[in-house]
Amino acid sequence: MRLFSRRKHQGSTSTEVPPAQRRAEVTAHFRDFVATRVGVEAYIEPPTPNDPTTMVLVARTGEWTRRRIPDPKAAWALARELEIPVYDVNLTGYPSSMRRWSAAQRRK
(Lines give C-alpha, C1' and ligand atoms only; values in the text may rest on other atoms or scores of the structure.)
Protein backbone atom coordinates (compact mmCIF):
# COMPACT_ATOMS: atom_id res chain seq x y z
CA MET A 1 0.00 0.00 0.00
CA ARG A 2 1.37 3.40 -0.97
CA LEU A 3 0.99 6.29 1.42
CA PHE A 4 1.56 9.01 -1.13
CA SER A 5 0.27 8.14 -4.56
CA ARG A 6 1.31 10.19 -7.54
CA ARG A 7 -1.63 8.95 -9.54
CA LYS A 8 -4.43 11.47 -10.04
CA HIS A 9 -7.82 10.55 -8.71
CA GLN A 10 -10.37 9.37 -11.23
CA GLY A 11 -13.06 11.87 -12.08
CA SER A 12 -11.17 14.95 -10.90
CA THR A 13 -11.66 17.95 -13.14
CA SER A 14 -9.00 20.52 -13.83
CA THR A 15 -9.98 24.17 -13.49
CA GLU A 16 -6.59 25.41 -14.63
CA VAL A 17 -6.70 27.83 -17.58
CA PRO A 18 -4.23 27.13 -20.42
CA PRO A 19 -1.31 29.62 -20.43
CA ALA A 20 -2.14 31.08 -23.86
CA GLN A 21 -5.73 31.76 -22.83
CA ARG A 22 -4.57 33.24 -19.52
CA ARG A 23 -2.15 35.59 -21.33
CA ALA A 24 -4.93 36.71 -23.67
CA GLU A 25 -7.24 37.43 -20.71
CA VAL A 26 -4.55 39.44 -18.89
CA THR A 27 -3.69 41.41 -22.03
CA ALA A 28 -7.37 42.15 -22.70
CA HIS A 29 -7.92 43.28 -19.10
CA PHE A 30 -4.88 45.58 -19.20
CA ARG A 31 -5.89 47.00 -22.62
CA ASP A 32 -9.34 47.82 -21.26
CA PHE A 33 -7.85 49.44 -18.14
CA VAL A 34 -5.51 51.60 -20.25
CA ALA A 35 -8.28 52.56 -22.69
CA THR A 36 -10.71 53.64 -19.96
CA ARG A 37 -8.36 55.56 -17.64
CA VAL A 38 -6.01 58.52 -17.96
CA GLY A 39 -2.27 58.53 -17.25
CA VAL A 40 -1.79 54.80 -16.69
CA GLU A 41 1.67 53.57 -15.66
CA ALA A 42 2.93 50.00 -15.12
CA TYR A 43 4.84 48.82 -12.05
CA ILE A 44 6.55 45.43 -12.12
CA GLU A 45 6.60 43.54 -8.83
CA PRO A 46 9.26 40.84 -8.36
CA PRO A 47 8.32 37.26 -7.55
CA THR A 48 8.11 36.20 -3.91
CA PRO A 49 8.16 32.71 -2.39
CA ASN A 50 4.36 32.71 -2.52
CA ASP A 51 3.58 34.70 -5.67
CA PRO A 52 4.97 34.93 -9.20
CA THR A 53 5.95 38.16 -10.94
CA THR A 54 3.03 40.59 -11.10
CA MET A 55 2.36 43.84 -12.89
CA VAL A 56 0.30 46.65 -11.41
CA LEU A 57 -1.28 49.29 -13.62
CA VAL A 58 -1.97 52.57 -11.85
CA ALA A 59 -4.10 55.38 -13.31
CA ARG A 60 -3.46 59.05 -12.54
CA THR A 61 -6.38 58.96 -10.06
CA GLY A 62 -4.64 56.16 -8.13
CA GLU A 63 -7.05 53.43 -9.22
CA TRP A 64 -5.08 50.26 -9.83
CA THR A 65 -5.26 46.67 -11.02
CA ARG A 66 -2.82 43.76 -10.59
CA ARG A 67 -2.31 40.59 -12.62
CA ARG A 68 0.23 37.76 -12.71
CA ILE A 69 2.82 37.89 -15.48
CA PRO A 70 5.14 35.00 -16.48
CA ASP A 71 8.35 36.98 -15.83
CA PRO A 72 9.75 40.55 -15.77
CA LYS A 73 10.77 40.36 -19.44
CA ALA A 74 7.16 39.59 -20.44
CA ALA A 75 5.93 42.46 -18.24
CA TRP A 76 8.27 44.94 -19.92
CA ALA A 77 7.19 43.69 -23.35
CA LEU A 78 3.50 44.02 -22.46
CA ALA A 79 3.98 47.57 -21.15
CA ARG A 80 5.75 48.53 -24.39
CA GLU A 81 2.90 46.94 -26.36
CA LEU A 82 0.37 48.97 -24.35
CA GLU A 83 2.55 52.07 -24.91
CA ILE A 84 2.64 53.05 -21.23
CA PRO A 85 5.57 53.96 -18.96
CA VAL A 86 6.93 51.02 -16.98
CA TYR A 87 8.86 51.01 -13.69
CA ASP A 88 10.49 48.49 -11.38
CA VAL A 89 8.65 48.86 -8.07
CA ASN A 90 11.85 47.99 -6.16
CA LEU A 91 13.53 51.06 -7.61
CA THR A 92 10.66 53.56 -7.63
CA GLY A 93 8.12 52.38 -5.06
CA TYR A 94 4.41 52.85 -5.61
CA PRO A 95 2.93 56.24 -6.52
CA SER A 96 1.35 58.15 -3.64
CA SER A 97 -1.90 58.43 -5.61
CA MET A 98 -2.24 54.63 -5.40
CA ARG A 99 -1.90 54.70 -1.60
CA ARG A 100 -4.45 57.53 -1.31
CA TRP A 101 -6.96 55.75 -3.58
CA SER A 102 -6.56 52.47 -1.64
CA ALA A 103 -7.04 54.27 1.68
CA ALA A 104 -10.18 55.98 0.38
CA GLN A 105 -11.58 52.61 -0.78
CA ARG A 106 -11.04 51.10 2.68
CA ARG A 107 -13.04 53.96 4.26
CA LYS A 108 -16.06 53.32 2.04
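The values are calculated or read from the model by the stated rules, or taken from the named source; none is laboratory data. Remember, it's a predicted structure, so these values are computed and weren't measured experimentally. Note that each Cβ is placed from the backbone with ideal geometry, even for glycine, and that neighbours are counted across all protein chains shown.
Counting only residues that are assigned to a helix (DSSP H, G or I) and closer than 22 Å to Ala20 by Cα, how many does the stretch 74-108 have?
Of the stretch 74-108, the ones assigned to a helix (DSSP H, G or I) are 74-82, 89-92, 96-107.
When the remaining residues are screened for being closer than 22 Å to Ala20 by Cα, the result is 74-82.
The qualifying residues number 9.
I'd like to check something: does the stretch 42-49 contain any residue that is of a type in the set (A, V, I, L, M), in contact with a Leu (Cβ under 6 Å, 6 or more places away or on another chain) and farther than 22 Å from Pro18 by Cβ? Quick ask: steps written out before the conclusion?
Just the residues of the stretch 42-49 that are of a type in the set (A, V, I, L, M), to begin with: 42, 44.
Cutting the leftovers down to in contact with a Leu (Cβ under 6 Å, 6 or more places away or on another chain) gives us 42.
From what is left, the residues that are farther than 22 Å from Pro18 by Cβ are 42.
Yes; the residues of the stretch 42-49 include at least one that is of a type in the set (A, V, I, L, M), in contact with a Leu (Cβ under 6 Å, 6 or more places away or on another chain) and farther than 22 Å from Pro18 by Cβ.
Any idea which residue in the stretch 44-80 is surrounded by the fewest Cβ atoms within 10 Å (Cβ to Cβ), counting only those that are aliphatic (A, V, I, L, M) and in contact with a Phe, Trp or Tyr (Cβ under 6 Å, 6 or more places away or on another chain)? Can you show your working first?
Going residue by residue through the stretch 44-80, those that are aliphatic (A, V, I, L, M) are 44, 55-59, 69, 74-75, 77-79.
Within this subset, residues satisfying the condition of being in contact with a Phe, Trp or Tyr (Cβ under 6 Å, 6 or more places away or on another chain) are 56-58.
Details: Val56: 19, Leu57: 23, Val58: 24.
For the stretch 44-80, the residue satisfying everything is Val56.
Return the only residue of Glu16, Glu41, Glu83 being at pLDDT 95 or above, loosely packed, with under 13 Cβ neighbours inside 10 Å and among the acidic types (Asp, Glu). Write out each step before concluding.
Numbers: Glu16 fails: at pLDDT 95 or above; Glu41 fails: loosely packed, with under 13 Cβ neighbours inside 10 Å.
So the residue among Glu16, Glu41, Glu83 that is at pLDDT 95 or above, loosely packed, with under 13 Cβ neighbours inside 10 Å and among the acidic types (Asp, Glu) is Glu83.
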